[in-house]
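Inspection log for the structure reproduced underneath, given as structure tokens.
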Amino acid sequence: MKFTSDKSSLQQALQQLSKVTPSRSTLPILNSVLMLTEDGKLSLRATDLEISQVIFIPAEVEADGSVAVQHRTLLEITSEIPEGEISIEVDSSHKVNISTSFGTYSIMGKPTEEFPSLPSIDEQQTLGMPAKILGRVIEKTAFATSKDELKPSLMGVLFNFREEDLLAVATDGHRLVKYLFKDHQGGSYQGSSIIPVKFLNILSSYLDDDETITLNIGENHIMMESGETTLYSRLIDERFPEYDSVFPKDNDKLLKIDREPFLSAVRRVSIFSNKSTHQIALKLGPEGLEITTEDVETVSSAKEALPCDYEGEPLVIGYNANYLHDLISHIDSSPVHMEFHSAITAAVVYPDKQQEKEELIMLLMPIRLND
């Protein structure tokens, strides 16, 4: 195997593959990147067994072949080399020789037989989707997914592709986001899948508003192609929680408040909250909104008052400030609406005016206030 490429192309590809290459793994081969030259083309591949990424980069290929090379070492040397050409040659013992105008370097590679193969997508359905819309869906939902590996069904976004619209739902058990795009033309494909949030976050970095993204969805995997990059992911094979029934029907207290002052006050007050619970309290009444917090461990407290429109009986309710902030910050317009029933039931959050062809509605569970 022998090829020559420019430093910037190689470095950029290795940086992109960093999102897939695991920092720690019980399989040492996963810390490597697979370099493959075939039919005069050079590709780089990385995987964590759940997500795989392939990137083609420009190169002058003199001999076809393949080798697995430790990703970190290759990225570090390409980052330190000034702009210019890099030649890489691999001998029969998998020794990788790197040549530049500044010096030569060598590292032992590994045989490619150890590197996991790309997943095959069975019974795949092809779906074209405007990148701008897909990016919007990811932006409005991905933040609400769970990081708890013991709850795998919550570590992704439920995509429900329907004949005339697309419904996306995400929850971590504390908050829930339901996003409906009303002008999606699903074509022949209709179905639902839980797509891992890691895949969606990586995918979002390749979205160009002017292009159409091709998604190939199979029974167990999904694949995306964009330019010289192909991204694969295993779908989450779990039952997504029932979400429609959790929206309360009897929330009789309504808060209407300007978005930016509300966000700013939550940020300021939360600085003084307990660093574990991030607990703040909203005191709602005819006189307005009061946001407070108190941390007995650090003997700190904060209080701010904001004007608002509030209808209903007075209410004091506690929230995790980070969760509340996340929900409000993902609403585009002002004012924001919040509907409550009691201090122990979920609040419904939504914008005063929905964006064109969209419907965004969110749910936030309260936390019990300290006495």
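Coordinate-derived values only; no laboratory data. None of these values were measured; they are calculated from a predicted model. Ideal geometry is used to build each Cβ from the backbone, glycine not excepted, and the neighbour counts take in all protein chains shown.
Compute the separation of the alpha-carbon centres of the range 173-250 and the range 38-77 and state it in Å as a whole number.
Rounded to whole Å, the Cα centres lie 27 Å apart.
If I take every Cα pair under 8 Å that is 6 or more residues apart in the range 249-371, average their sequence separation and divide by the length, what percent do I get for the relative contact order?
28 percent
Tell me, what HN-Hα J-couplings in whole Hz come from the Karplus equation 6.51 cos²θ - 1.76 cosθ + 1.60 at θ = phi - 60° for each residue of the range 53-60, using x for Gly and Pro?
3J(HN,Hα) across the range 53-60, in whole Hz: 9, 10, 10, 8, 10, x, 6, 9.
Counting Lys +1, Arg +1, Asp -1, Glu -1, what net charge surrounds Glu85 among other residues with beta carbon under 10 Å of its beta carbon?
Working: positive: Lys7; negative: Asp6, Glu60, Glu83.
Computed value for this residue: -2.
Rg to Rh for the range 2-114: what is it, with Cα atoms only and Rh by Kirkwood? List each step's numbers first, then the result.
Numbers: Rg = 12.9 Å, Rh = 13.9 Å.
Rg/Rh: 0.93.
Would you tally the net charge around Gln355, using a Cβ to Cβ cut-off of less than 15 Å, leaving Gln355 out, and scoring K and R as +1, D and E as -1? Mind dumping the intermediate values first?
Details: positive: Lys132, Arg136, Lys140, Lys178, Lys182, Arg259, Lys353, Lys357; negative: Glu139, Asp165, Asp183, Asp332, Asp352, Glu356, Glu358, Glu359.
Net of charged neighbours comes to 0.
For the peptides 73-82, 138-147, what is the packing order when you average, over each peptide's residues, the other Cβ atoms within 10 Å and list the highest mean first? It would help to have the intermediate numbers written out before the result.
Details: 73-82: 16.0, 138-147: 20.0.
Per-residue mean Cβ counts within 10 Å order the peptides as 138-147, 73-82.
Counting other beta carbons within 10 Å of each Cβ, put His341, His71 in order, fewest first.
His341, His71
On a 0 to 90 degree scale, rounded to 10, what angle separates helix 131-141 from the longest Cα axis of the chain?
Its long axis makes an angle of about 50 degrees.
Could you give the size of the charge dipole of the chain about its Cα centre, using +1 on the Cβ of each K and R and -1 on the Cβ of each D and E, expressed in debye and rounded to the nearest 20? Don't skip to the answer; put the middle values down first.
Details: 33 positive and 58 negative charges, 171 e Å.
So the dipole magnitude of the chain works out to roughly 820 debye.
Can you put Met365, Met338 in order, fewest other beta carbons within 10 Å first?
Arranged by neighbour count, lowest to highest, Met365, Met338 become Met365, Met338.
Suppose a student asked you for the relative contact order of the range 2-114, using Cα pairs under 8 Å spaced at least 6 residues apart; what percent would you report?
With pairs under 8 Å counted, the relative contact order is 30 percent.
Hey, what angle do you get for helix 259-270 against the long axis of the chain, alpha-carbon based, 0 to 90 degrees rounded to 10?
80 degrees
Tell me which of Thr112, His337, Met35 sits at the most positive position along the dipole axis of the chain, charges placed on C-beta atoms (Lys, Arg +1; Asp, Glu -1).
Going by the Cα projections, it comes out as His337.
Note the angle between two axes, namely the Cα long axis of helix 71-80 and the longest principal axis of the Cα atoms of the chain, as a number of degrees from 0 to 90, rounded to the nearest 10.
The helix 71-80 is inclined about 80 degrees to the chain.
Would you work out which of Ala302, Leu200, Tyr323 lies farthest towards the positive end of the dipole of the chain, given +1 charges on the beta-carbon of Lys and Arg and -1 on that of Asp and Glu, about the Cα centre?
After comparing all options, I get Ala302.
Provide the FRET efficiency to the nearest 0.05 for the Glu80-Ser300 pair, computing r from the beta carbons and using R0 = 41 Å.
Values: r = 45 Å, r/R0 = 1.11.
About 0.35, to the nearest 0.05.
Ranking Val20, Val90 by Cβ neighbours within 10 Å, fewest first, what do you get?
Val90, Val20
Counting Lys and Arg as +1 and Asp and Glu as -1, each charge on the Cβ, what is the dipole of the range 248-364 about the Cα centre in debye, to the nearest 20?
On the way: 11 positive and 20 negative charges, 54 e Å.
Here the range 248-364 has a charge dipole of around 260 debye.
What's the local net charge at Ser101, with K and R +1, D and E -1, over the other residues with C-beta under 15 Å away?
Charge balance in the 15 Å sphere: -3.
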